[in-house]
Amino acid sequence: MNEGLIPRRYAKALYKYALEKGQDKPMYELMQQLSSTFVVDSKLQEVMNNPFISSEDKVKLLNIASGTEKSHTCFADFLKLLVENNRLSLIRSIALAYLTIYRKANNIYLVEVVSAAPMDKADQTRLQKLIEKHLNGGSMEYSQRVDSQLIGGFVVNIDSERLDASVQNELKQLRLNLLRK
């Protein structure tokens, strides 16, 4: 069976369950924390895949990784389900799928701005307002980073859309045009 299909199904079931309990937003925040912990600590997935580590220890570790000192009831119930079905190793993929489902249901867009140099506050605010108009009432999770390889300009990524207004892209396009002639 498709590895992506199973996590999406579990994530969809978790979203519906959390929505029924009124815990969809707290679960979203928990899943953000959990997925970022997987990024920061690459060994966590190895632990989840290790058959010699008990499910109890994995659950304790997941509670720590998600930032739930006292267990979140929806999350605790969900972890029990994963243990029963021997699916704890899929928790990272399930968390990422949950984030996608929640964002789609709540009209939230992931926006990343990559610039060649740090942007001043006025330019950043102006760019955010332009992006908000493009989202047609949706909200955004905004992040910004600097990539000096762009030479100048910026790149805006909105989910799967990309606006590339960088000097690097302009030079690439110029080169392609010259090669065609």
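Points to keep in mind about this one:
- Single residue of region 134-181 satisfying the filter (of a type in the set (A, V, I, L, M, F, W, C) and either open to solvent by less than 40 Å² (accessible area, probe 1.4 Å) or in contact with a His (Cβ under 8 Å, 6 or more places away or on another chain) (or both)) that is farthest from Leu99 (Cα to Cα): Leu150
- Residue that is modelled with the lowest pLDDT [pool: residues in region 50-67 that are buried (at least 18 other Cβ atoms within 10 Å of the Cβ) and of a type in the set (S, T, N, Q)]: Ser66
- When Phe75 is tested against (1) among the aromatic types (Phe, Trp, Tyr); (2) open to solvent by less than 50 Å² (accessible area, probe 1.4 Å); (3) over 16 Å from Leu96 (Cβ atoms), exactly one condition is not met: (3).
- Scanning region 29-49 for residues that are over 18 Å from Leu99 (Cα atoms), without any contact (Cβ under 8 Å) to a residue 40 or more places away in the chain, open to solvent by 50 Å² or more (accessible area, probe 1.4 Å) and not acidic (Asp, Glu) gives Ser42, Lys43.
- Filtering Ala105, Ala117 for residues that are small (Gly, Ala, Ser) and over 20 Å from the mean Cα position of the chain (by Cα) leaves a single hit, Ala117.
The values are calculated or read from the model by the stated rules, or taken from the named source; none is laboratory data. What you are looking at is a predicted structure, and each value in this text was computed from that prediction instead of being measured. Reconstructed Cβ throughout: ideal geometry from the backbone, glycine too, with neighbour counts over all protein chains shown. Quick note on the areas: whole protein, heavy atoms, side chains included, nothing else; ligands and nucleic acids left out. Shrake-Rupley method; radii C 1.70, N 1.55, O 1.52, S 1.80 Å.
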